[in-house]
Amino acid sequence: MESLRQKYTRWQFLFFPPAFEPLRPVPLTTYLLIVAVSAGLFAVIGLFVPADGFLGYDWYHYYSRGIREPFYPPWLVYVQWLTWPGLVGLNCAGLVMALYQRRASPVRMALPFLSLPALWLLFLGQLDGLVLLGLTGLPWLIPLASLKPQLSFFAFLTHPRRLVWLGVWVGLSIAVWGFWLTDMFSYDRQWQALYTGATQPQNISLWPWGVPLALVLLWHSRGDVDMLMLAGSFVTPHLMPYNYVVVLPALARIPFWLACLLVAISWLPLSANWVGDWGWQLGHLFAGTLWLALYTKRRRGAVCLP
């Protein structure tokens with residue numbers, strides 16, 4: 001008779017198989033050195049190109065002033081301590097570190113910085129690079145990884161241990177700040193209350209219509225952190241093209257010519273300036289193509305999943 005432990009092992013392999021392309025293990029000293037050096041170098045950009053309200057709009061008008069919209073977690077207010085150069089530096093350091101974990105060459109590291117999500121992120125002064133930095137340093141950097149959980153949440157589905165980490169952090173945060181999740185889950189109501197009559201054509205979320213597609217993609221993404229986040233992009237309730245920053249490191253895992261093509265495809269949402277609001281939806285072409293490239297690579301690698 002099968003023991004309980006054997007059943008658990010079989011269940012774990014079914015839903016949480018090992019990654020077919022494990023990330024490069026990074027010793028703590030190496031990790032800190034790469035983050036410190038890359039953050040310092042990119043922070044220079046922030047020193048010489050200050051946020052003036054046009055550049056770094058979201059930083060200037062919201063984050064630097066400690067303004068937290070209700071659909072963000074309460075610890076977001078501490079981002080204001082980073083300063084503008086610090087935000088630029090750590091945003092870029094997150095991308096550099098994630099690319100290093102995926103064994104990217106220097107040329108491959110430079111490529112994602114030419115994409116629309118990366119440049120739009122820096123132009124707005126958004127936080128998704130911090131989220132990516134948090135994902136590179138789990139479990140200790142869960143507060144960063146959960147700043148904007150639209151896509152990063154799906155990264156926790158790679159292993160039960162990660163879900164436990166997330167549960168512990170959410171429990172601790174509720175003990176400190178109260179049940180803040182009710183605000184996040186009432187996003188639409190809060191948004192209308194704050195911005196009556198405002199529209200967000202750049203929000204390309206397919207929720208709830210993308211649920212069937214996302215469920216299929218999530219099943220075939222088991223064990224792969226990049227594929228899970230890409231699959232989750234088709235079901236998350238709020239998605240802006242710059243949120244794809246957290247999946248840009250996956251470009252280091254596919255052929256260089258295809259990575260270059262995807263960087264070009266990432267710019268297609270700007271076609272909305274000429275073809276109308278539906279052009280923003282072309283952002284899904286980037287996510288779908290990148291997911292398919294990773295899936296094809298896994299299939300060709302003869303990775304067997306139940």
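The values are calculated or read from the model by the stated rules, or taken from the named source; none is laboratory data. This one's a predicted model, so the numbers in the text were calculated from it and none came from an experiment. Cβ coordinates were reconstructed from backbone atoms using ideal geometry, including for glycine residues, and neighbour counts include every protein chain displayed.
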Positions within the stretch 133-151 being of a type outside the set (A, V, I, L, M) and under 20 Å from SER233 (Cβ atoms), in sequence order: GLY134, THR136, SER146, LYS148, PRO149, GLN150
Pairs, first in a helix (DSSP H, G or I) and at pLDDT 95 or above in the stretch 280-291, second polar (S, T, N, Q) and crowded, with 24+ Cβ neighbours inside 10 Å, C-beta under 6 Å, six or more apart: PHE286/SER266; ALA287/SER233
Meets criteria (at pLDDT 90 or above and on the phi < 0 side of the Ramachandran plot) for PHE15: no
Residue within the stretch 199-212 that is part of a helix (DSSP H, G or I), modelled with pLDDT of 95 or more and of a type outside the set (Val, Ile, Thr) present: yes
